[in-house]
Structure formats: structure tokens, C-alpha cells
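**Student:** Here it is: the structure, laid out below.
The values are calculated or read from the model by the stated rules, or taken from the named source; none is laboratory data. Values in this document were obtained by computation on a predicted structure and should not be read as measured data. No Cβ is skipped: glycine too gets one built from the backbone with ideal geometry, and neighbour counts run over all protein chains shown. Just so you know, the surface numbers come from the protein's heavy atoms only, side chains and all, with ligands and any DNA or RNA stripped out. Shrake-Rupley method; radii C 1.70, N 1.55, O 1.52, S 1.80 Å.
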Amino acid sequence: MQQAVLMAVLMTMVYTVSLELRAADFRYVARHPLAVGIGLLAQFALLPLATLGLTLLLDLPPATEAAMMLVAACPGGALSNVVTAFGRGNLALSLSISAVASVLALALTPLNFSLMIAANPATAAWARSIAIDPRDLVLSLLLLLAVPMSAAMITSTRAPQFAARIRKPLARLSAIALGLFIVVAVAAQAKLFVIELGRTLPLVILHNGLGLTLGWIAARAARLAVADRRAVVIEGGMQNSGLALGIIAVQFHSDLAMVAVAGLWGIWHIVSGLTLAIVWRMKDARLAY
């Protein structure tokens with residue numbers, strides 16, 4: 001019963017986010033394929049590859065490594081659009097990358113996660129020890145993403161006014177419900193979670209910094225304009241940790257080490273993203289002055 005409720009909460013979250021997808025966001029791709037492509041490259045190729053390399057390099061608990069892989073495999077969240085706009089980046093580009101990433105995530109999130117798990121001997125052995133079947137994992141992730149996203153796009157197309165009315169209430173409801181599940185899971189092991197925080201926060205800072213840096217390197221190498229570069233940097237370093245938390249709750253029974261990674265990501269990427277945005281605004285003010 002608990003798993004069914006968690007599944008429903010997570011599917012509602014994906015459905016709610018997908019209600020924001022707009023045709024104009026996809027049309028932007030045809031006009032600016034390079035910038036959008038660089039953003040997607042940073043999100044779905046560079047960060048996952050770097051994450052795999054980092055987990056192979058560091059001697060970390062397998063559950064922690066698996067959580068890092070899951071976060072890296074998730075698409076960017078809607079928060080990246082807000083931070084991009086605040087940092088005076090190209091909002092249209094950010095929205096377009098987010099829209100395309102949401103669709104590509106149907107295939108690339110389960111594919112990247114399963115490939116990373118299998119490529120690391122420690123996580124591969126861990127997955128076998130807890131009886132995780134890679135095929136079942138891929139199918140469940142597809143179910144969690146494909147069904148609610150398809151339903152949301154149908155709703156937005158056929159009943160746009162209804163979609164606009166339900167989006168915010170559903171977003172609040174699903175976020176509160178997921179938060180309650182996570183709080184209950186953490187409260188049951190509060191002392192262990194506090195210990196986990198000290199171990200995990202430096203790792204999350206490193207991992208998030210890697211995503212931001214790779215986005216900057218890719219955008220710089222492609223010689224994108226400043227506003228485009230800012231959008232790519234934010235999209236490369238702000239993953240949908242809420243989706244990752246939901247998957248951890250449903251598929252991994254709120255494993256404490258995994259919750260710590262995804263939960264801290266959700267907090268830290270806001271700090272790092274807003275810090276970058278403030279630095280950019282200050283830079284713009286100095287140049288204008």
C-alpha cells in the first residue's frame with residue numbers, strides 16, 4: 001500500500017512538471033540547435049560520464065555512489081529556469097533545454113542510470129545484493145516518467161485552461177506528500193542521518209561543482225554568447241533532485257545514504273545556483289557602471 005501511494009505521488013509530480021511543457025519551447029530548438037544541443041550534452045552525457053569516473057575514483061559506499069548516479073541521470077528541474085532568469089541568462093534557451101530534456105529523460109534517465117550502475121563493479125554488486133533487476137528498474141522508471149508525462153501533454157493540448165488551474169495546487173500537494181514521506185523515513189533514523197550529513201555534504205558540493213564546471217566548459221568551447229552560456233551552466237548543474245528523491249523512495253525504500261545525497265543536492269544546488277546568479281548580476285552592474 002505504501003509503495004502504491006509513493007508511486008502515485010511521484011507520478012503526480014512528473015505530471016505537474018510536464019504540464020509546463022510548451023510547443024514554443026520545442027520550436028526554439030530548430031532556431032538555436034547548437035545552444036540547446038550543448039545544454040543537453042552537458043546534462044545527459046558530460047555529467048553522467050564524470051559521475052561514473054568520480055565514483056570509480058573515490059572509495060564510497062555503493063548506495064552513495066548509486067544516488068550520485070541517479071541524480072546525474074535525472075533531467076533539470078523547473079527551478080533552473082527561475083535561477084537562469086534571475087542571473088540574466090537566456091531564459092528562452094533554459095526553457096527549451098528543460099522541455100527537450102524532460103522528453104529525452106523518458107529514455108535517457110533509465111538508460112544512463114542502469115549503464116552507470118552496471119559499469120561500476122561496486123554498485124553492480126550492490127544492486128545484485130538487494131535484488132534489483134536492471135530490466136525491472138528501467139521499466140519502472142519508464143512507467144514513472146512516460147505515463148504521467150504523456151498524460152500531461154494530452155491535458156495541456158486538449159484542455160489548456162484546466163491544465164493551468166490544476167498545475168499549482170497539484171505541485172504543492174505532491175511536494176508536501178513526498179516531503180512527508182522523506183521526513184518520516186529520516187526521523188526513523190535521525191542520528192544516523194546527522195552522521196550521514198557530515199560525510200555527504202562535501203561530496204555533494206564537489207559533484208554539483210563538477211556539473212556547473214562541465215556546463216561552463218562545454219558552453220565556452222562552443223563559443224556561446226554570455227547569456228546562453230549562463231543558461232547552459234545552470235542547466236548542467238541543477239538536476240531534478242525531487243524526482244531522484246521520489247525514485248529513491250519508491251525503488252530503494254528511502255535508503256538513508258541515498259536520501260542524504262539527493263536531499264542535500266536539492267538544497268545545495270539552490271545555494272550554488274543563486275550564488276552564481278548574484279555574481280553574474282554584480283558583474284553586469286559593474287560593466288554597466
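**Student:** Rounded to the nearest percent, how much of the accessible area of the chain (1.4 Å probe, protein heavy atoms only) is carbon and sulfur? Walk me through the numbers before you get to the answer.
**Tutor:** Numbers: 9530 of 13430 Å².
Carbon with sulfur: 71 percent of the solvent-accessible area.
**Student:** Between residue 57 and residue 201, take the C-beta separation as r, use R0 = 25 Å, and let me know the FRET efficiency to the nearest 0.05. All intermediate terms of the calculation are to be shown ahead of the outcome.
**Tutor:** Numbers: r = 19 Å, r/R0 = 0.75.
The formula returns an efficiency of 0.85 here.
**Student:** Further question: Summing -39500 (n - 2.57) over the DSSP H runs of n ≥ 4 in the chain and dividing by its residue number, what mean residue ellipticity at 222 nm do you reach, to the nearest 500 deg cm²/dmol? Display every interim value, and only then the final one.
**Tutor:** Details: 14 runs with 245 residues, N = 289.
Result for the chain: -28500 deg cm²/dmol, rounded to the nearest 500.
**Student:** Placing +1 at every Lys and Arg Cβ and -1 at every Asp and Glu Cβ, with all other atoms neutral, what dipole size does the chain have around its Cα centre, in debye to the nearest 20?
**Tutor:** Values: 20 positive and 11 negative charges, 205 e Å.
Dipole size: approximately 980 debye.
**Student:** Would you work out which of 180, 269, 131 lies farthest towards the positive end of the dipole of the chain? Charges go on Cβ: Lys and Arg +1, Asp and Glu -1.
**Tutor:** Most positive-ward Cα: 269.
**Student:** State to the nearest 20 debye the size of the charge dipole of the range 1-149 about its Cα centre, where the only charges are +1 on K and R beta carbons and -1 on D and E beta carbons. Mind showing how you got there, number by number?
**Tutor:** On the way: 6 positive and 6 negative charges, 85 e Å.
With only Lys, Arg, Asp and Glu charged at Cβ, the dipole is about 400 debye.
**Student:** Pick the calculated Rg and Dmax of the Cα atoms in Å for this structure from (1) 18.4, 61; (2) 24.9, 77; (3) 18.7, 58?
**Tutor:** (1)
**Student:** Okay, moving on. Which Cα, out of 164, 77, 102, lies furthest along the positive dipole direction of the chain (beta carbon charges, K/R +1, D/E -1)?
**Tutor:** Positive-most Cα among the choices belongs to 164.
**Student:** Give, in nm to one decimal, the length gained when the segment between residue 31 and residue 45 is fully stretched (0.36 nm per residue of separation minus the Cα-Cα distance). Mind dumping the intermediate values first?
**Tutor:** Working: separation 14, 0.36 × 14 = 5.04 nm, distance 2.25 nm.
Contour length minus Cα-Cα distance gives 2.8 nm.
**Student:** State which helices in the chain qualify, where a helix is a whole DSSP H run, it must extend 20 Å or more along its own axis by its Cα atoms, and its mean Kyte-Doolittle hydropathy must be at least 0.5. Don't skip to the end; give the middle numbers.
**Tutor:** Numbers: long enough: 2-18 (24 Å, 1.36); 91-119 (36 Å, 1.91); 134-158 (36 Å, 1.17); 160-187 (40 Å, 1.22); 190-221 (45 Å, 1.05); 256-288 (48 Å, 1.18).
In the chain, the long hydrophobic H runs are 2-18, 91-119, 134-158, 160-187, 190-221, 256-288.
**Student:** Right, next: What are the residues whose amide H is under 5 Å from the amide H of residue 76, where those residues sit 5 or more places off or on another chain and H is modelled from the backbone?
**Tutor:** HN-HN under 5 Å from residue 76: 240.
**Student:** Full-extension gain between residue 129 and residue 159, please, as 0.36 nm times their residue separation minus the C-alpha to C-alpha distance. Each step should come with its number before you reach the end.
**Tutor:** On the way: separation 30, 0.36 × 30 = 10.80 nm, distance 4.62 nm.
In short, 6.2 nm is gained.
**Student:** Just need the relative contact order of the chain here, percent rounded to a whole number, with Cα pairs under 8 Å and 6+ apart. Don't jump to the answer; show the numbers that get you there.
**Tutor:** Values: 370 pairs, mean separation 99.5, N = 289.
Normalised by residue count, the contact order of the chain is 34 percent.
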